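Visitor: Please see the structure below; I have some questions.
The values are calculated or read from the model by the stated rules, or taken from the named source; none is laboratory data. Given the structure is predicted, the values throughout are model-derived calculations rather than measurements. Glycine gets a Cβ as well: all are built from the backbone with ideal geometry, and neighbour counts include every protein chain shown.
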Amino acid sequence: MIPVAAIGIICKAPQSGRTKTRLAKTVGATAAAELSACFLRDVAAAIEAIPANVGRRGYGVYAPAGTEPELRALFPPRFGLLLQASDDFSNVLFGASRELLAAGHDCVLLVNGDSPTLPPDFLADAIAALRQPGDRVVLGPAIDGGYYLIGLKQTHHHLFTSIAWGTETVARSTRDRAAKIGLPVVELPEWYDIDDAETFDLLKDELAGHSTRFHNGGTAAATREYLARLEETAR
């Protein structure tokens, strides 16, 4: 049997008024929630685009409890669901990595649910890096100073402690944590997630083929279709 990597999408069930609140200031609460649902569909599609012979299984690492039906409707049938409802984001990431590795996966990738054009090749490259001999962490840095992906083959609680989540220091602090425990860091290309008006413009530019910074991304079929409908309604 081939090894199977776990790829967990860190997410919340899209709910109007509770999801993508910064983006909602630009597009409205309902559209922000609907876009969030599209983003999750597209990140899941990026996972499914990895060749099956690589060995991978997608998961929704989600909150809050009780929103399983909404998420089941968004994710492919093969996806698992893993509840991680802690208010401490450190516990969410560490808990997810620990549980997925304990389930028998040879490595785990945790990715954000807000990067609909995330290239599937990045995910495949992260898995390949983790399957090389020796322990390591794979980091996908985001343009805001955070990261869109962290990959592990062993649990390392230290990587998630004393991190100022939501700030421009997240990726740098994670590199520092890795250095302190002698853990090599493999870096993926920089990418972005959509949180506000500025990054929403980045997305629209990329999908229109006007971006020189981000290209060759995933197809983002659900997001493309939704934005096309928004444009049609606005005419």
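Visitor: Could you tell me which of the residues A73, A49 is aliphatic (A, V, I, L, M), out of contact with any Lys or Arg (no Cβ under 7 Å at 6 or more places or on another chain) and loosely packed, with under 14 Cβ neighbours inside 10 Å?
Guide: A73
Visitor: For region 41-80, give me the residue count where each residue is under 30 Å from Q132 (Cβ atoms), of a type in the set (A, V, I, L, M, F, W, C) and modelled with pLDDT of 95 or more.
Guide: 11
Visitor: Considering only residues that are outside any helix (DSSP H, G or I), free of Cβ contacts under 8 Å to residues at least 60 places away in the same chain and either among the β-branched types (V, I, T) or under 26 Å from N216 (Cβ atoms) (or both), which ones fall in region 1-32?
Guide: I2, T19
Visitor: From the list L35, L82, exactly one residue is among the hydrophobic types (A, V, I, L, M, F, W, C) and outside any strand (DSSP E or B). Which is it?
Guide: Selected residue: L35, the only one of L35, L82 that is among the hydrophobic types (A, V, I, L, M, F, W, C) and outside any strand (DSSP E or B).
Visitor: Among the residues of region 75-120, write down those that are among the aliphatic types (A, V, I, L, M) and over 14 Å from the mean Cα position of the chain (by Cα).
Guide: Across region 75-120, the qualifying residues are L81, L82, L83, A85, L100, L101, A102, A103.
Visitor: Restricting the search to region 100-126, which residues are of a type in the set (S, T, N, Q) and either surrounded by fewer than 24 Cβ atoms within 10 Å (Cβ to Cβ) or modelled with pLDDT under 95 (or both)? I'd like the intermediate steps shown before the answer.
Guide: Keep residues of region 100-126 that are of a type in the set (S, T, N, Q), which gives 112, 115, 117.
Matches in region 100-126: N112 only.
Visitor: For the structure I just gave you, tell me whether R229 is over 24 Å from R56 (Cα atoms), at pLDDT below 95 and not aromatic (F, W, Y).
Guide: Answer is yes for this residue.
Visitor: Given (1) surrounded by 14 or more Cβ atoms within 10 Å (Cβ to Cβ); (2) over 25 Å from I127 (Cβ atoms); (3) hydroxyl-bearing (S, T, Y), where does S97 come up short, assuming only one miss?
Guide: So S97 meets the others, but not (2).
Visitor: Hey, another quick one. When you scan region 97-212 for helices (runs of 4 or more DSSP H) that lie fully inside it, which ones turn up with 2 or more residues that are of a type in the set (K, R)?
Guide: Qualifying helices (runs of 4 or more DSSP H): 170-180.
Visitor: Would you point out the residue of region 121-152, among those that are of a type outside the set (A, V, I, L, M) and closer than 18 Å to I47 by Cβ, that is nearest to the chain's Cα centre (by Cα)?
Guide: If we take residues in region 121-152 being of a type outside the set (A, V, I, L, M) and closer than 18 Å to I47 by Cβ, then Y148 is nearest to the chain's Cα centre (by Cα).
Visitor: Sticking with this structure for a sec: Out of (1) at pLDDT 95 or above; (2) closer than 17 Å to Y148 by Cα; (3) surrounded by 15 or more Cβ atoms within 10 Å (Cβ to Cβ), the odd one out for L183 is which?
Guide: Every condition holds for L183 apart from (2).
Visitor: In region 135-157, is there at least one residue being more than 30 Å from A103 (Cα to Cα), small (G, A, S) and in contact (Cβ under 8 Å) with a residue 60 or more places away in the chain?
Guide: Pass one, region 135-157, residues more than 30 Å from A103 (Cα to Cα): 143-145.
From what's left, small (G, A, S): 145.
Remaining after also requiring in contact (Cβ under 8 Å) with a residue 60 or more places away in the chain: none.
There is no residue in region 135-157 that is more than 30 Å from A103 (Cα to Cα), small (G, A, S) and in contact (Cβ under 8 Å) with a residue 60 or more places away in the chain.
Visitor: Taking the residues in region 153-166 that are surrounded by fewer than 16 Cβ atoms within 10 Å (Cβ to Cβ) and within 17 Å of the chain's Cα centre (by Cα) as candidates, determine which candidate is farthest from V108 (Cα to Cα).
Guide: Among those that are surrounded by fewer than 16 Cβ atoms within 10 Å (Cβ to Cβ) and within 17 Å of the chain's Cα centre (by Cα), it is G166.
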